[in-house]
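This report concerns only the one structure given below.
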Amino acid sequence: MKEKENMEKNSKILIVDINHGALDIAEEYLFNKDFKNRKLKKGKKENYVILWDIYGKINKLNELYDLKGSSSFTDKDKEIYKKYNKLKDYMPQKLKLITSKIEDIDYSEFSDIIAPVHCPINVKFKTFHESVSEILCTKYKDFISKIITITGVKGKTSTSELINHILNGKYNVYLHNSTQGSITPTEVLNTLNRLEKEKKLYKYDYFIFEISLGLVSSKYGIITNILEDYPIANNLRSAKVKLSTLEFADNCYILKDLYNNYNKIIESLNIANIHIIDNNPPNLKIINKYPLEFQYTPKNNINLKTNDFKLNKKIFGLHNISNCILSYEICKNMMNSEDIIKRIESFELKNRMELEYYNILRNTNPGLNIKSISNSVEDFIESFDNPIICLGGDFGCTCEEINAEKLLNQLLKINKLNKLSNKTLPIYLSGDLGYEIHQIWQKKLNNSEKISNLKIRVEIIENVKITKKEDLIKLKILSEKNNYLIIYRSSIV
């Protein structure tokens, strides 16, 4: 009797969260010859892949379909609905959908539980990063040597774009990052599957993937940083879980600062090929902050040759130094240093920090957080004369909301550290985020906190979101003698 129970248990796999790729994992277990029979005893007819639609996505789509048809779906919804119905129609005896509540799930029924790392379940499970890595090593093992994966809290997209730009000078490169859509780990698998179907897989020398919350199987893997170890999975885990995914890359690249902060976790992983990149003095010398120019001496350079890096005017912020060095160290495996440096100098980053006008820098990235905003403001104040800051944003841009009070406190610290001579720094606030910052500022003033002596003039702008040059003109605050930094945290501008 016990043997029968174990046999039935071993035939059941729970795959969680249709929103973030459960269907893609399920498809491999149902159709991929290397996986589909692994858990199912020959002749068994019961469902062995259980899809847990933890957020009720399919029910919502069914209701919407009955009311308005598929024309009301987003492109992503259409993709999910089509794939679900394909799996259901082709494998009805092996696939089951459940929408149970977390407290109603008996996890002991399943031999394998596969879920996104951010899934709020408090039980041991295989992450999507692990599962995708396992599938890649089985299905695309000959292509692992061509894959570069990038994760981190900030700098993922910029670094992926830069590596792509560098390598494209010599190789045929495929890039998938957040500008193309989802960056869940299953998108790596979906992309390779699609390219194989289109007979384009062998066309590319390298594949670059930006991935959220971790790496998957690849020749080279980068964790750019963990600037903020924010909580995920209802506080069950945090952003530092991505460190454990270093083991999926044959060669891992991280900055020394990251290693110093999390060395115990990293050392416990026993990773064979980890490259710790030192981007601090004496290895680094900043020559000019804008346009950014710096000298970098690789730590393990036998000849101790110092390389001069220059970036064009469309790249702003000292944080780009780390992105450049990580990209340089990766690309040294494929190109010579001189060619890499030339490619870096011609790099232009779109849709992030950009030079909109000769005296206006703007950043409307929805993923802006406290650290990236404060770094940008500090760099700007130190780099430009007569600075003016325009700060604002909308809430609900990303899963990780921004704390207005912490942001204001960080900005106040920056102002104390910078010498503004006898001038006052104007800060114009707009949008919901700007309004909340202004409310906190007023409360501090009313409570007689020691901020009145700071050289800051804070002003709230109502009914206008400051996101571009035209808004400055409309508000009559654009002047040729000033330099402007526009930061607006929004996905729609």
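Worth a mention:
- Residue satisfying all of: in region 179-193; over 18 Å from Asp77 (Cα atoms) and either surrounded by fewer than 20 Cβ atoms within 10 Å (Cβ to Cβ) or of a type in the set (Gly, Ala, Ser) (or both); nearest to the chain's Cα centre (by Cα) among these: Thr179
- Scanning region 165-178 for residues that are farther than 24 Å from Ala239 by Cβ and surrounded by fewer than 21 Cβ atoms within 10 Å (Cβ to Cβ) yields His165, Asn168, Gly169, Lys170, Tyr171, Asn172, Val173, Tyr174.
- Residues being under 23 Å from Leu407 (Cβ atoms) and either of a type in the set (A, V, I, L, M) or in contact with an Asp or Glu (Cβ under 9 Å, 6 or more places away or on another chain) (or both) - total across region 232-256: 4
- Filtering region 101-118 to residues that are of a type outside the set (Val, Ile, Thr) and under 21 Å from Leu30 (Cβ atoms) leaves Glu109, Phe110, Ser111, Asp112, Ala115, Pro116.
- Remark: Ser452 matches the filter, which requires a residue to be open to solvent by 80 Å² or more (accessible area, probe 1.4 Å), among the small types (Gly, Ala, Ser) and modelled with pLDDT under 95.
- Filter result (polar (S, T, N, Q), under 21 Å from Ser374 (Cβ atoms) and touching a residue at least 12 places away in the same chain (Cβ under 8 Å)) within region 216-247: Thr224, Asn225
- Residues that are within 16 Å of Pro185 (Cα to Cα) and in a loop (DSSP other than H, G, I, E, B) were ranked within region 126-162; the one that is modelled with the lowest pLDDT is Val153.
- Within region 150-164, being of a type in the set (Ser, Thr, Tyr), surrounded by 24 or more Cβ atoms within 10 Å (Cβ to Cβ) and in contact with a strand residue (DSSP E or B) (Cβ under 9 Å, 6 or more places away or on another chain) holds for Thr151, Thr159, Ser160.
- Qualifying position, being buried (at least 16 other Cβ atoms within 10 Å of the Cβ) and among the aliphatic types (A, V, I, L, M), among Ile102, Ile98, Ile147: Ile147
- If you go through region 163-213 and keep only what is part of a loop (DSSP other than H, G, I, E, B) and of a type in the set (Asp, Glu), you end up with Glu198, Asp205.
The values are calculated or read from the model by the stated rules, or taken from the named source; none is laboratory data. Note that the structure is predicted; figures quoted are calculated from it, not measured. In this analysis, Cβ positions are derived from the backbone assuming ideal geometry, glycine residues included, and neighbour counts consider all displayed protein chains. When the accessible area is computed, the model is the full protein with side chains, heavy atoms only, and any ligands, DNA or RNA have been set aside. Shrake-Rupley method; radii C 1.70, N 1.55, O 1.52, S 1.80 Å.
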